[in-house]
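Worksheet: the structure to be examined is printed underneath.
The values are calculated or read from the model by the stated rules, or taken from the named source; none is laboratory data. What you are looking at is a predicted structure, and each value in this text was computed from that prediction instead of being measured. Note that each Cβ is placed from the backbone with ideal geometry, even for glycine, and that neighbours are counted across all protein chains shown.
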Amino acid sequence: MTETMMHPKLKQVLHNIEKVMIGKADVAELSLVALLAEGHVLLEDVPGVGKTMMVRALAKSVNASFKRIQFTPDLLPSDVLGVSIYNPKELEFQYRPGPIMGNIILADEINRTSPKTQSALLEGMEESSVTVDGITRKLDRPFFVMATQNPIEYEGTYPLPEAQLDRFLLKMKMGYPSKNEEIEVLNRTQRQAPIEELEAVITLSELVELQDQVKEVYVDQTIKQYIVELAHYTRKHTNVYLGVSPRASIALMKASQAYAFLNGRDFILPDDVQYLAPFVFSHRIILKSEAKYGGKTAEDIIKDVIKFVQVPVQRAVR
């Protein structure tokens, strides 16, 4: 992305995050894409690489209500959604909201808890509402979940159900910093954590307005056809047991709209779709056993799909 083209307000947000996150500009950019598209992010990596710091920096930058949920094996759905408690003075039950009632939610180590508690997030992530004791309550805009998880091979983790994985717009990894980047991390944190000095550079109302503008980004019919062709090919790939759902096609379109908007464009290019497809599709496909044993990964399959499906010839402009 060229910064000269970038939306000025969003450029400020990314620069703010870069004060805290060293060498993770691509992760910050993709997280902002998901926020603009009103989607959610799953960050998978080993402990200690800055996953929690990333979402805290984003929340501070947009002046959002930030809630953190530490997922543990004994966490209950009511610990996430809230609970109704009887008030003897009022002679009625009163709802005490859980941490899900915020703008930006950090679901930390989400695969450390049981699938039942994991699924407590499903309604909020998909419908922007939660139901407690038969009463449905709308969540305020913006509502954004960034979940972190450690790799499945670590002890004490539960694989996320496919239904929940499908609710995440993007899945990505942070990776270790380079030696020079890690030295800079030490320099910046020697006296005080940079996160404590961050100030908001955009208001919530401005963010919601930008989210609405993202929906107006033009999507040419050739681009829609290209997205659908990519999705369909995952369903017939020889190494794939279960391909992506139509929800994935919608997710790729919305993410591409947000990415184009971030780049200062009001239309999507095929390059946007190709760049985002691995982040949108890879966690939504299930490989056949022989493909896994052969060392294939979901990312490898998506790269194959992108190479195979013909790119639209004409630029998607009005």
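Just the residues that are more than 18 Å from THR131 (Cα to Cα) and exposed (fewer than 15 other Cβ atoms within 10 Å of the Cβ), please, taken from segment 71-85.
Passing the criteria: THR72, PRO73, ASP74.
Among ALA251, ALA277, ALA298, ALA291, which is the only one that is surrounded by 17 or more Cβ atoms within 10 Å (Cβ to Cβ) and more than 24 Å from the chain's Cα centre (by Cα)? Can you show your working first?
Details: ALA251 fails: more than 24 Å from the chain's Cα centre (by Cα); ALA277 fails: more than 24 Å from the chain's Cα centre (by Cα); ALA298 fails: more than 24 Å from the chain's Cα centre (by Cα).
Of ALA251, ALA277, ALA298, ALA291, the one residue that is surrounded by 17 or more Cβ atoms within 10 Å (Cβ to Cβ) and more than 24 Å from the chain's Cα centre (by Cα) is ALA291.
Starting from residues that are under 22 Å from the mean Cα position of the chain (by Cα) and part of a loop (DSSP other than H, G, I, E, B), keep the ones in segment 199-231 and report whichever is surrounded by the fewest Cβ atoms within 10 Å (Cβ to Cβ).
If we take residues in segment 199-231 being under 22 Å from the mean Cα position of the chain (by Cα) and part of a loop (DSSP other than H, G, I, E, B), then GLU216 is surrounded by the fewest Cβ atoms within 10 Å (Cβ to Cβ).
Could you tell me whether any residue of segment 93-106 is closer than 19 Å to GLU196 by Cα, basic (Lys, Arg) and part of a strand (DSSP E or B)?
First, the residues of segment 93-106 that are closer than 19 Å to GLU196 by Cα: 104-106.
Cutting the leftovers down to basic (Lys, Arg) gives us none.
Scanning segment 93-106 turns up no residue that is closer than 19 Å to GLU196 by Cα, basic (Lys, Arg) and part of a strand (DSSP E or B).
With respect to ALA260, is the statement that it is touching a strand residue (DSSP E or B) at 6+ places or on another chain (Cβ under 8 Å), modelled with pLDDT under 90 and farther than 27 Å from ALA163 by Cα true? Spell out how you get there, then give the answer.
Values: touching a strand residue (DSSP E or B) at 6+ places or on another chain (Cβ under 8 Å): yes; modelled with pLDDT under 90: no; farther than 27 Å from ALA163 by Cα: yes.
It is false that ALA260 is touching a strand residue (DSSP E or B) at 6+ places or on another chain (Cβ under 8 Å), modelled with pLDDT under 90 and farther than 27 Å from ALA163 by Cα.
Could you list, in sequence order, the residues of segment 66-83 that are in a loop (DSSP other than H, G, I, E, B) and in contact (Cβ under 8 Å) with a residue 40 or more places away in the chain?
PHE71, THR72, PRO73, LEU75, LEU76
Being part of a helix (DSSP H, G or I) and touching a helix residue (DSSP H, G or I) at 6+ places or on another chain (Cβ under 8 Å) is the filter here; which residues of segment 232-246 pass it? Give the derivation first.
Taking segment 232-246 as the starting set, the residues that turn out to be part of a helix (DSSP H, G or I) are 232-236, 246.
Result: TYR233, THR234, PRO246.
(1) out of contact with any Ser or Thr (no Cβ under 9 Å at 6 or more places or on another chain); (2) surrounded by 17 or more Cβ atoms within 10 Å (Cβ to Cβ): which one isn't true of GLU181, the others all being true?
Every condition holds for GLU181 apart from (2).
In segment 28-49, which residues are surrounded by fewer than 23 Cβ atoms within 10 Å (Cβ to Cβ), touching a residue at least 60 places away in the same chain (Cβ under 8 Å) and either farther than 26 Å from ARG265 by Cβ or over 10 Å from the mean Cα position of the chain (by Cα) (or both)?
GLU29, GLU44, ASP45, VAL46, PRO47, VAL49
I need the full set of residues from segment 105-151 which are acidic (Asp, Glu), surrounded by 13 or more Cβ atoms within 10 Å (Cβ to Cβ) and at pLDDT 80 or above, in order please.
So in segment 105-151, the residues acidic (Asp, Glu) come out as 108-109, 123, 126-127, 133, 140.
Those still in the list that are surrounded by 13 or more Cβ atoms within 10 Å (Cβ to Cβ) too: 108-109, 123, 126, 140.
Residues satisfying the conditions are ASP108, GLU109, GLU126, ASP140.
Taking the options ALA107, ALA120, ALA147, name whichever one is out of contact with any strand residue (DSSP E or B) (no Cβ under 8 Å at 6 or more places or on another chain) and assigned by TED's automatic domain parsing to the domain that holds LEU170. Before the answer, list the steps.
Details: ALA107 fails: out of contact with any strand residue (DSSP E or B) (no Cβ under 8 Å at 6 or more places or on another chain); ALA147 fails: out of contact with any strand residue (DSSP E or B) (no Cβ under 8 Å at 6 or more places or on another chain).
None of the others qualify; the one that does is ALA120.
Quick one: which residue in ILE285, ILE301 is in contact with a Gly (Cβ under 7 Å, 6 or more places away or on another chain) and at pLDDT below 90?
Numbers: ILE301 fails: in contact with a Gly (Cβ under 7 Å, 6 or more places away or on another chain).
Only one candidate passes the filter, namely ILE285.
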